[in-house]
Each structure stands twice: as structure tokens, then as C-alpha cells.
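Notes for the one structure printed next.
The values are calculated or read from the model by the stated rules, or taken from the named source; none is laboratory data. What you see is a predicted model; the values in this text were computed from it and never measured. Reconstructed Cβ throughout: ideal geometry from the backbone, glycine too, with neighbour counts over all protein chains shown.
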Amino acid sequence: MMTIMKILVTGGDGFCGWPTSLHLSNAGHDILIIDNLSRRSISTELQYESLTPIASISNRIERWYELTGKRILFKHMDVANNYAALLDAVSLFNPDCIVHLAAQRSAPYSMMSVESGNYTLNNNITAANNVLRAIQQHNKTIKLVHLGSIGVYGYEDRSYEIPEGKTKYVGIDNNQSKYTIESQIPFNPTSLYHLSKSQITALLNYYANNFGLTITDLYQGIVWGTQTTETNMDETLSNRFDYDEIYGTVLNRFVVQAQSGMPISVYGKGMQTRAFIHIQDTVKCIETAVNSPASTLGEVDVIHQISETRTVKSVANFVSTLMNAKIKHIVNPRDEKEEHRYHLTNRKFSKLGMDRLNSLEDNLVDEIQSVVSKNLHNIDKACIAPKVNWSKVHARTPAVRENTKTEFEFS
Ligand code: USQ
């Protein structure tokens with residue numbers, strides 16, 4: 001029988017956080033969302049809006065209550081900047097589990113300017129430390145599920161399969177005896193956002209080793225899709241859909257481009273391999289992690305939250321064939337390898353019963369029809385061309401938006 005838990009979701013108003021909160025609430029858990037609503041203020045700052053209309057957090061919560069009779073609690077709070085308030089909330093709510101999703105999650109945003117890079121590092125690392133500290137101070141048995149990123153490994157050429165968690169190195173010491181070193185394979189993040197997530201893994205290990213906290217770290221791939229069973233129940237519950245140059249991830253962008261008659265913009269050669277997961281599977285994987293037994297004391301349980309890996313070119317080809325759209329290779333605005341070997345293990349979720357995750361083939365048509373076609377009139381073509389150049393740190397403020405190029409530079 002499922003145990004009903006009290007679950008605190010930080011970042012519960014965001015793209016992964018909102019559907020996760022609904023999903024866990026629907027499963028019968030008591031949910032408290034803590035969020036500073038920064039995803040909404042960054043949207044205003046950039047002047048890039050979600051393609052789907054987004055209701056206010058109070059309307060979302062009220063509608064959920066009207067539809068289901070389930071009450072989600074909400075506290076407007078900045079986890080990174082108000083430790084005392086966070087500790088108060090944790091002490092008062094006394095959760096069994098904290099799902100920590102509060103983070104600045106865009107890699108391009110973190111590379112946009114010195115300020116946005118510093119904000120990403122400070123916000124993400126301090127928020128994670130505050131959550132860990134609150135658990136340590138209030139009640140060390142609270143389980144932490146952190147949403148990490150598969151991007152911490154980076155995209156160098158690797159001939160081997162990247163394991164979930166530690167790998168063993170066996171060597172011979174000076175006395176000709178065998179010794180073993182256990183460690184994660186080296187991280188090589190390619191953006192400050194991904195660097196912030198790799199720094200957080202050090203924090204998680206520190207608190208697990210030194211204070212015995214129970215922690216699961218989900219290294220998630222690029223999320224695509226918009227709605228889940230719960231967000232589909234009513235328009236007021238709709239999740240966001242970003243396709244702009246900063247927050248839009250590759251597949252969302254390709255679908256919007258194809259649907260609005262623009263060429264699909266493949267950066268460089270397009271042989272970059274990336275891991276993907278549908279938002280419906282994100283919420284199910286998080287639920288599985290919440291319900292799974294505690295990790296070995298002192299060890300962070302690392303799980304790869306991905307359903308498939310594909311090259312950018314194969315994603316472009318798939319969308320192009322499906323929607324009869326042209327593909328254009330454009331000058332890559334990022335510092336990244338355009339061709340590399342990349343293999344990831346993802347056996348842990350199948351062992352936990354999550355063995356059939358959605359692939360592009362399963363869900364893309366539905367996504368195009370129910371989300372993109374329906375909101376075609378809202379597409380702002382000017383926000384699609386990439387304006388952040390990875391190798392040049394240059395400020396991009398709303399004030400200069402009108403003057404920035406909206407055309408692509410083709411290679
Ligand atoms: N790309 C294109 N054309 C585009 C946009 C992107 O070819 O129009 C390419 C990029 O060069 C890159 C790949 O597609 O090689 C993926 O780019 P992305 O923007 O979809 O994803 P990325 O910026 O790497 O990271 C994003 C989010 C981050 C999340 C991460 C998942 O910014 O929040 O954590 O996806 S992962 O990297 O797997 O950890």
C-alpha cells in the first residue's frame with residue numbers, strides 16, 4: 001500500500017515543478033509549494049512568453065481544488081535568499097520528503113551575461129545548500145529528491161557507457177598490491193548552468209557523507225512536451241511551453257519552427273548527441289524516486305532520468321519528415337563538440353518499475369496538435385534566432401531587444 005506523505009516542492013510553479021506538484025497531489029500526498037515565481041519574472045525581463053497561456057499560481061491552485069478537492073499549499077519565498085523563512089517553513093510543515101526543483105534552469109540564460117551567469121551560480125548553489133542545511137538542522141530523516149542534469153558530464157568524446165553513480169578504478173600500489181578508487185566519472189559541463197548542477201553534486205555528497213542525509217539525485221535529460229494527465233484536466237492548469245532562444249529547448253524550438261514555416265535551425269553539424277525525456281515521464285520518475293527506498297547511508301543515489309539519446313540532426317530529420325519542413329544548418333552559437341560518442345546507462349528506473357518511457361515516436365504528433373497548432377497565433381518569430389554567443393560574454397537586456405538580429409546566420 002502506498003504511504004501518504006507530506007512533500008515540500010521547491011520551485012513548484014515552474015515547468016517541471018508545477019506538473020510534479022499536481023501529480024504528487026493527485027496521488028494523495030499533501031503538497032506545499034515554495035517558489036519565488038522567478039520563472040515568471042525572467043519571462044517579463046526577457047520579453048519572451050510561454051506559447052501556452054499560464055494562469056497565476058493562486059488561480060492554478062484554486063482550480064485544482066475546485067476540480068479535485070485537493071488543497072495544495074503555497075508559500076511565496078526565495079529559497080536562496082531567505083534561510084530563516086525556509087527553516088521556519090520546513091519546521092512547521094515537517095515534510096517526509098523535499099523535492100528540490102528551485103533553480104535557474106536555462107543553459108543559454110547562464111551564458112547571456114556576467115550578471116546572469118553569477119545569478120545562476122549563486123541562486124542554484126545557495127538554494128541547494130539552504131535546503132540541505134534546513135534538513136540537517138530540522139530533521140535529518142527527511143528524504144531529499146534533487147533534480148540534477150545529465151549535462152553535468154558534458155559532451156566530450158567518451159567511448160564507454162557512463163554509469164549511474166560511482167565507477168571503480170583498480171590500480172597497483174607501490175607494494176604491488178591492488179587498490180580500488182570509487183568515484184564518479186569526471187564532469188565536464190559546457191555552460192555555467194550545468195556547472196552549477198555539478199557543484200551541487202559536491203554539496204549533496206558532503207551532506208550525505210557528513211550528516212547521513214538520504215538523497216536521490218536525478219540527472220535529467222532535455223525535457224520536451226508540455227502537458228501531463230493533470231495539467232490537461234483544465235486550461236487553468238496548463239503547463240508552460242517555451243520555444244525562445246533562451247528557455248526553449250531544442251525539440252520545442254524545432255516543432256514551432258516547422259509549424260510556423262521557418263527552417264529548422266540545427267546548430268553546426270548537428271551530430272551532437274543529447275538525452276531526452278517527456279514531461280509526463282519526468283513527473284512519474286520523480287514520484288518513483290520519492291517512493292523508492294532510502295539510499296545506502298552516506299551515499300547519494302544517482303539516477304539517470306532519460307528515455308532516449310539522439311543526435312540533434314536525427315531530431316531535426318524526424319520533425320522535418322513529420323511536418324514537411326526544411327532544415328538549415330546555422331553557425332553554432334555555443335562552444336560544444338559537434339560530433340562525439342555518448343552512451344548513458346539508465347537501468348535504475350527500469351529496476352524501479354519505470355521501464356516503458358515515451359519516445360518522440362509515441363508523443364510528438366499529439367504534442368504538435370494539442371499544443372503548438374492550437375496556439376499558432378501566439379508564436380513570436382522574433383524570439384527564435386539565437387542571440388547569446390557562448391564564447392563572447394555579452395549582455396542582452398530587454399532594452400536592446402528591438403535592435404538584435406532576428407535572422408539566422410547560415411553556415
Ligand atoms: N540546438 C540546435 N538548434 C536549436 C537549439 C539547440 O541545434 O535551435 C542544439 C544545441 O546546440 C545543443 C542541443 O541542441 O547541442 C541541445 O540544446 P538545448 O537548448 O535543447 O539544451 P541545453 O541548452 O543543452 O540544456 C537544456 C536546458 C537545461 C536542461 C538541459 C538538459 O537549458 O535546463 O537541464 O537542457 S541536459 O543538458 O540534458 O542536462
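Structure values in brief
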| quantity | calculated |
| --- | --- |
| Selection status of ASN205, exposed (fewer than 15 other Cβ atoms within 10 Å of the Cβ), part of a helix (DSSP H, G or I) and either modelled with pLDDT of 95 or more or in contact with a helix residue (DSSP H, G or I) (Cβ under 9 Å, 6 or more places away or on another chain) (or both) | no |
| Positions within region 235-265 being under 14 Å from SER106 (Cα atoms) and of a type in the set (Phe, Trp, Tyr), in sequence order | PHE241, TYR243, TYR247 |
| Test: residue in region 162-180 that is away from the ligand (no atom under 15 Å from the Cβ) and under 22 Å from MET271 (Cβ atoms) | no |
| Some residue of region 282-303 being among the charged types (D, E, K, R) and within 16 Å of the ligand (Cβ to nearest atom) | no |
| Residue list for region 303-317, filter: more than 16 Å from THR249 (Cα to Cα) and surrounded by fewer than 21 Cβ atoms within 10 Å (Cβ to Cβ) | ASN317 |
| Enumeration of residues in region 229-251 that are assigned to a helix (DSSP H, G or I) and near the ligand (Cβ under 8 Å from one of its atoms) | VAL250, LEU251 |
| Given (1) within 19 Å of PHE276 (Cα to Cα); (2) of a type outside the set (Ser, Thr, Tyr); (3) near the ligand (Cβ under 10 Å from one of its atoms); (4) over 21 Å from the mean Cα position of the chain (by Cα), number of the condition VAL315 does not satisfy | (4) |
| Complete set of residues in region 100-157 that are surrounded by fewer than 20 Cβ atoms within 10 Å (Cβ to Cβ) and of a type in the set (A, V, I, L, M, F, W, C) | VAL114, LEU121, ILE125 |
| Among the candidates THR141, THR180, residue that is part of a strand (DSSP E or B) and among the hydroxyl-bearing types (Ser, Thr, Tyr) | THR180 |
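Yes or no, residue by residue, for (1) over 20 Å from HIS194 (Cα atoms); (2) away from the ligand (no atom under 14 Å from the Cβ); (3) among the hydroxyl-bearing types (Ser, Thr, Tyr):
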residue	(1), (2), (3)
LEU218	no, no, no
TRP224	no, no, no
GLY268	yes, no, no
THR273	no, no, yes
